[in-house]
């Protein structure tokens, strides 16, 4: 399932692991990120994400929290438990701007938090900012 | 004295024999008074007698003295004249022979004693003084001169002689031309006889006084006894009464006040006895009555206790009938219960089988029907010899029919088979029992009905609980649906917006200006739809009471700055930028930042929408206890008549405005509701054509909540402190 494209602007050499079960969201976020020069590796659930991480080391992980099979909470906890992967920043994406979600996400190890709806350009801005700041 | 009527005091006062001091006793006091009176009167009487007797004796003696001295002087004329004692001896002797004459002396006119005779033991001064002689001689015709001596009366009288010629007296005084004093006769008259006589008088006086005294004393004694005796008798009588000898009668027949008193006492005593006897009689009757009543009560109580136990009608009647038959000794008995149709049906019987409680014609007893009709308590009816009851139970000669009533309504009826003449007490008891039974039957019926009702109620409760559970489930599903719809509506919209933006960004190849404008149109309307959905859901959550206020410590300055940054893109085709006027000091408060943010966004989007030129400004300011978040614009403003309406849902000032400016008309309604939830308010000032000023008022510690079930919003404001401490 994992593949990468870079058919837009100049590649910036950064790889993003996008974990998102919704096809359209995945295509939109991947599309805009690639357009702005990111290499994007996609996964649709927590299990796939961890599989990807066995072979690829991304610069940042965008993790939807509500996922089938293994949700984002669990996947994040596992990733942060692995010493080799612990320092990869994870930004949580959530559709429910529920009170306390941000705190909970940070508690399981998320380094950032973006509440949906997120416009494609906004996502790029946030990811740029995050990678520059870290 | 105040303790005078202690028990001993009364006893003492009532005891006629003892206790009182001697002088306290009336008898002796009276006696004392009477004795004093009789002593006084005897002394007075004796004194008067004595003094009269003394005067009399003295007068007698004086008279005798005068007679004796006159005789002596008269008889001594010759001897004196002759100066010869021989002639004097005879008269002197005669005088001297008198027992009471102590001495006799005859003097010549010169005072020389011519003769003297003195009784032995009498001392007498014979010589006469000249003065005395002259005094005696100077009055030859007068009475004797009297001188008092201790032992005798010394009487001196002149001895006179009749002379024709006046003769000069010895002293040259012409005394009397016819009488001439020629000597002096002197006589000592002993006081002894008078004294003896007076002593005798005194003795008699004393005797008299003593007699008077004795009589007085006796009279006093008699009087005192006469007076005090009835009083003592009264006291004794009162004492007798006190000791319980009621009706004690005094034997005192007198016509005076004491007699009246005694009569009164006797009447009182008799009345007392009568009263006490009638009281005792009454008491005895009462005791008998109490014993009787107690027995009746015990029977009633046992019966009532019996009735209180079972609440099922047939059990109740069965045990009641057993008890009645046992208590009355009736050989047979039966209970009839009134059924729904009104007829009486035999429910339980004792002593005879149910069939026996029918008249010979096979019908239920006519007497029972009469009782049911009249409801007259306790009627007895004789039974004919061929009545089934009599046949089955020969000692039953009659029946007692008693209606069992509750609040004047026939509940049941009782038949007791009886001996020929039941006692009134027995009938009373049965009637009383029947009245208690009426209540019990009504209770049992009510209990049955209540039980039925309770079952029905329980059934309905169960149904209601099921319904409630269903409703709760529906409500939960609805809430879930609302939550889901929010997600399910937004997700595709976000996808639409996302793809559109992606295309617009040229991710899939270049877009020309027409395409770009169309894509922008898609995005704008999709966003409007998203906003509408969000607002409708917010509103429904507020109205369903599901919108929860979540208080947090909020840096309000930062919140305003963030919202302005967020809204800035909306002014890109406006000739102004959003401006903010914020306090220099950090202004923090405790409130719900999401709601405040939503309100500010709504106000700003409205302001920008209706302000083509001019300015839109946000101000954060403190007003006393309140904090004001103000959004002021120079836009088209609001007509005065519309000011009341702008906070209503789905309302813009007019239809054309909606078309012209877009928007849902929900923003202000939601903002107003949020402001209320926050314990504050949202107010507006506006003038048509001259802009509007919306003010969100956040009130510190204001007790106000739209629903009343959320934590009270409060706003703590600190100025000049950024260390995160709050004053509340």
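Worth pointing out:
- Going from the fewest other Cβ atoms within 10 Å to the most, the residues B:633, A:71 appear in the order A:71, B:633.
- Per residue of chain B, the DSSP helices (runs of n ≥ 4 H) give a summed -39500 (n - 2.57) that works out to -18000 deg cm²/dmol at 222 nm.
- Relative pair counts by distance (%), Cα atoms of region A:47-91, 5 Å bins: 5, 22, 39, 25, 7, 0
- Percentage relative contact order, chain B, counting C-alpha pairs under 8 Å, at least six apart: 7 percent
- Relative contact order of region B:547-699, pairs being alpha-carbon contacts under 8 Å that are 6 or more residues apart, as %: 23 percent
- Chain A: calculated mean residue ellipticity at 222 nm from DSSP helix runs of at least 4, using -39500 (n - 2.57): -12500 deg cm²/dmol
- Across region B:273-399, Cα-Cα pairs farther apart than 27 Å form 36% of the total.
- Linear extension gain, residue B:58 paired with residue B:281, 0.36 nm per residue minus alpha-carbon span: 71.6 nm
- Ellipsoid semi-axes for chain A, based on the Cα gyration tensor and the rule √(5λ), read 20, 17, 14 Å when sorted largest first.
- Shown here: chain B, whose C-alpha atoms stretch 227, 113, 45 Å along the first, second and third principal axes, sorted largest to smallest.
- By other beta-carbon atoms within 10 Å, ranking B:264, B:364 with the fewest at the front produces B:264, B:364.
- With 5 Å bins from 0: P(r) over region A:16-64, alpha-carbon pairs, percent: 5, 23, 35, 23, 12, 1
- Exposure proxy order (Cβ contacts within 10 Å, fewest to most) of B:101, A:108: A:108, B:101
- Computed over region B:547-699, the quotient of the alpha carbon radius of gyration and 2.2 N^0.38 Å is 0.99.
- Nearest-ten-degree value, helix B:85-96 long axis tilted from longest Cα axis of chain B: 30 degrees
- Region B:459-583: proportion of alpha-carbon pairs further apart than 27 angstrom, %: 49 percent
- The largest-to-smallest principal axis extents of the Cα set in region B:50-198 are 51, 31, 24 Å.
- Part-to-part distance (alpha-carbon centres) for region B:541-588 and region B:467-500, which is given in Å: 28 Å
- Viscosity 1.002 mPa s, 20 °C: Kirkwood-radius Stokes-Einstein D of the protein assembly as shown over Cα pairs, µm²/s: 46 µm²/s
- Cα-based Kirkwood hydrodynamic radius, region B:224-279, one decimal, Å: 11.4 Å
- Largest-first ellipsoid semi-axes for region B:198-357, taking √(5λ) over the Cα gyration tensor eigenvalues, angstrom: 88, 12, 11
- Mean projection area, nm², convex hull over Cα of region B:420-477: 4.9 nm²
Here, each number is a calculation from the coordinates, and none is a lab measurement. Since this is a predicted model, take the numbers as computed values, not measurements. Reconstructed Cβ throughout: ideal geometry from the backbone, glycine too, with neighbour counts over all protein chains shown.
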